[in-house]
């Protein structure tokens, strides 16, 4: 490759590890890769609004040059990770202009891995939604069909990766926020086991342990390499889930042993998965059988009623959001009202202020019952397979129409109706991933299948995802909004 600039069609051919290898070999310079990524962001972002602010990328001084991700263009979500001197506005007018003066532990790990951070991506306000349509910045769109939403709460990162702006991007997941946007944007996303990735130094857990951090990527190996790089405990961690004996990246390249997979096609709330999604997931199940795995239809028992499951999650979501809102209001000196917050956030804040200690203890009891029930399931199966989403994403503007019609609990119920499969892994702390499964021919929108493993067994998921990726590659299609054009 001539060192006269990296063309867009060359840049998008490579995943993160591939770009880093080019840099190491001297086939392209680090600055040329950075310039290509910046051009990709500038070319595609006006159509999808995935990135809310981009800046000149600087290779971190503390970067390890032998890192597998050295020099790779990267974006961080506007929430969950803090970068010194860069805005962290949480998708909200309440936090407008808020600029921390330190790096969070995770940001330090990203820098050490050599990732070149070029900007921050859109999120719904305070991440309490599975669509990314924040009033503060405007709706982020799905690059496959811009009439539709790109999922949430990590919708901006997923849309950016799917459109070819960067090969991988930071993501958080408190109820499906990595896996939902990965599914609807046709990319890979894994929520790690609780305790693998630090939320320090100012936080031990996020949302009472529901939130895990990693990223989204176009290839499985990029996510694995990123988790290898950031699975390092910060100073004074309250607990830490140690990495496996071999790297996660190694797991990606090794086919798993024959697995016992339970397939639950319909969600536990009594609804039905739509036909186009069910057909896509069923095709993937047949592929898994062809690969030597045993797939059996199951109906997983939560151990509690659906209503109790949602209510327990709502106590954690609303209480933590209320506390977060109060903190940001104090730091910015702004009032908590309809000028600074969306209606959904206001009612969640109001509900959360009234959650009692007894309510939290009750929610913890529900978490225990659900965790024990899932543990019992894994005595007989290796993997729980479901659709990631029971329906295709809604058109822009549809999801938020109920904001003025619900209270705080009602908003959480609404979010869980949209994404009824994903929160099980958050409540119990187990790893879970969304892997591209197909697409809807009418809308061109991608469809994902979700795989959940027992606590600590992220390696089994990476191994299975790598096998699926080799058997049924998903990067043969590109979206309507694509940096390579």
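The values are calculated or read from the model by the stated rules, or taken from the named source; none is laboratory data. Just so we're clear, the structure is a prediction, and the values are computed from it rather than from any experiment. All Cβ positions, glycine included, derive from the backbone under ideal geometry; neighbour counts span all protein chains shown.
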Any chance residue 155 is in contact (Cβ under 8 Å) with a residue 24 or more places away in the chain and more than 18 Å from residue 445 (Cβ to Cβ): no
Residue match in segment 470-478 (condition: in a loop (DSSP other than H, G, I, E, B), modelled with pLDDT of 95 or more and within 16 Å of the chain's Cα centre (by Cα)): no
For residue 75: the one exception among (1) at pLDDT 95 or above; (2) surrounded by fewer than 17 Cβ atoms within 10 Å (Cβ to Cβ): (2)
Scan of segment 344-358 for residues that are touching a residue at least 24 places away in the same chain (Cβ under 8 Å), crowded, with 17+ Cβ neighbours inside 10 Å and in a helix (DSSP H, G or I), ordered by number: 344, 345, 347, 348, 349, 351, 352
Residues within segment 291-330 that are in contact (Cβ under 8 Å) with a residue 60 or more places away in the chain, in a helix (DSSP H, G or I) and more than 26 Å from the chain's Cα centre (by Cα), tallied: 1
Test: residue in segment 443-450 that is within 21 Å of residue 225 (Cα to Cα) and within 15 Å of the chain's Cα centre (by Cα): yes
Boolean, residue 466 is under 22 Å from residue 244 (Cα atoms) and in a loop (DSSP other than H, G, I, E, B): no
Counted residues, segment 87-97 - those being in a loop (DSSP other than H, G, I, E, B) and either modelled with pLDDT under 95 or surrounded by 19 or more Cβ atoms within 10 Å (Cβ to Cβ) (or both): 5
Restricting segment 299-328 to residues that are in contact with a helix residue (DSSP H, G or I) (Cβ under 8 Å, 6 or more places away or on another chain) and over 20 Å from residue 355 (Cα atoms), the residue that is surrounded by the fewest Cβ atoms within 10 Å (Cβ to Cβ): 301
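Every residue, every condition in (1) within 16 Å of residue 152 (Cα to Cα); (2) in contact with a strand residue (DSSP E or B) (Cβ under 7 Å, 6 or more places away or on another chain), yes or no:
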| residue | (1), (2) |
| --- | --- |
| 396 | yes, yes |
| 407 | no, no |
| 411 | yes, no |
| 414 | yes, no |
| 420 | yes, no |
| 428 | no, no |
| 431 | no, yes |
| 434 | yes, yes |
Those residues of segment 18-39 which are in contact with a helix residue (DSSP H, G or I) (Cβ under 6 Å, 6 or more places away or on another chain) and either at positive phi or not in a loop (DSSP other than H, G, I, E, B) (or both), in sequence order: 19, 23, 30, 33, 36
